[in-house]
Amino acid sequence: MFYLKKLTFLIVILLSLSHISLAVTPSPVVKYNLGDGIINFDREGKKNSVKSILLLTEIYCERNNINFTGLYMTAYPGADIKWLSTLKEEYGSFTVIPEDINVDILINELVYVNYTPLADELSIAVYGEPAGTEETYNPPFFLRWYLYLYIGIPVLLAFIIYSYKEKIKWTFRILRQKGYDFKTVEGCVKALEDKDELVRAKAVESLSLIGNDHAIDGLIKAVEDRDPWVRKAAILELGKLKVTRAMPVLLKSLEDENYYIVSASAHTLAITGDRKTIDHLRERLKTIKASGTARDIRKAIEKLEKKEKDRRKQ
């Protein structure tokens, strides 16, 4: 029910995209070669240099008998205009004067490079009124749905992944398991090297079912796995198989910092250990702090002591 409410809220937001108004003034792409490279008036490229736009404005004014210096002084009273006379010189002999200049695009570009007062004066000189601001327009129906698909689908996918990330993760883990042959010792040993602890735990379970000497070698190796739950599983499986030759790694795991590992080791040592193991358990009991783990060690000691008494009676 919670996910249904979230999904409904998301759909309402996405549908509202179909009514978006965008501040856009579509214009054709026009290129002017001013010696320092190509200037693109398409708003999607890099921002044009201010001097390039001012030079283009000066060229347009000369072509149309408009006093460019006068426009500039009207737009910016008291401004220093000495540098205006050097605009063409800066571009040198490589300057290519364009044959045709679209004044509407030029005005928009002046606004774009923050020369709005100059854009207004140029617009007044050409059209008799300031440039004003860009008008908003509602995109057509097909464009609204294009925006819906372009923005909505990624958002929806992100929502699904976030909501079901655990299920997705679990599915991928199951798929990883299918990449190994757990019916053979070789396949299980290879799976013990997998980065996913779930795959390695499956390998431990399968090695225990196989149960031969080669499989036991794999279980002993798994006792030193980097994941504590895989180590615990391997230790307990060695106990089920009553593997006495795993004593060195079990005694080592008895010193583990993880109390679950210590409890599992004590449990397995109670099954596979001997009277010498009792001394190791008693030493560990002196340093253990967790009460539950201390109880498991005492139980293991009691079982081994009982086993030793029964052995002596025989």
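The values are calculated or read from the model by the stated rules, or taken from the named source; none is laboratory data. Predicted model, so just to flag it, every value in this text is computed and none were measured. As a convention, Cβ positions derive from the backbone with ideal geometry for all residues, glycine included, and neighbour counts pool all protein chains shown. What goes into the accessible areas is simple: the full protein's heavy atoms, side chains included, and nothing from ligands, DNA or RNA. Shrake-Rupley method; radii C 1.70, N 1.55, O 1.52, S 1.80 Å.
Select from segment 171-191 the residues that are of a type in the set (S, T, N, Q) and either open to solvent by 90 Å² or more (accessible area, probe 1.4 Å) or in a helix (DSSP H, G or I) (or both) and list them in ascending order.
Thr171, Gln177 - these are the residues of segment 171-191 that are of a type in the set (S, T, N, Q) and either open to solvent by 90 Å² or more (accessible area, probe 1.4 Å) or in a helix (DSSP H, G or I) (or both).
Which of the numbered conditions does Ile271 fail, given that it passes all the others? Conditions: (1) of a type in the set (Val, Ile, Thr); (2) open to solvent by 30 Å² or more (accessible area, probe 1.4 Å); (3) within 26 Å of Phe182 (Cα to Cα).
It fails just one condition, (3).
Name every residue in segment 218-252 that is of a type in the set (Asp, Glu) and farther than 16 Å from Thr272 by Cβ, in order of residue number.
Those that are of a type in the set (Asp, Glu) and farther than 16 Å from Thr272 by Cβ: Glu224, Asp225, Asp227.
Let me confirm something: among Leu251, Leu192, Leu198, which residue is of a type outside the set (Gly, Ala, Ser), within 18 Å of His267 (Cα to Cα) and out of contact with any strand residue (DSSP E or B) (no Cβ under 9 Å at 6 or more places or on another chain)?
Of Leu251, Leu192, Leu198, the one residue that is of a type outside the set (Gly, Ala, Ser), within 18 Å of His267 (Cα to Cα) and out of contact with any strand residue (DSSP E or B) (no Cβ under 9 Å at 6 or more places or on another chain) is Leu251.
Quick check on segment 192-242: of everything there that is in a loop (DSSP other than H, G, I, E, B) and farther than 20 Å from Arg176 by Cα, which residue is least open to solvent (accessible area, probe 1.4 Å)?
Ranking the qualifying residues of segment 192-242, first place goes to Val223.
For the structure I just gave you, tell me whether Lys167 is outside any helix (DSSP H, G or I), modelled with pLDDT of 70 or more and loosely packed, with under 11 Cβ neighbours inside 10 Å.
Criteria not met by Lys167.
Report, by residue number, each residue of segment 206-220 that is polar (S, T, N, Q) and under 13 Å from Ala246 (Cβ atoms).
Result: Ser208, single match.
Among the candidates Ile278, Ile261, Ile288, which residue alone is within 24 Å of Ala215 (Cβ to Cβ) and in contact (Cβ under 8 Å) with a residue 12 or more places away in the chain?
Within the list Ile278, Ile261, Ile288, the selection yields Ile261.
Which members of segment 57-94 meet the condition of being under 47 Å from the mean Cα position of the chain (by Cα) and modelled with pLDDT of 85 or more?
Once the filter is applied, which keeps residues that are under 47 Å from the mean Cα position of the chain (by Cα) and modelled with pLDDT of 85 or more, segment 57-94 yields only Thr57.
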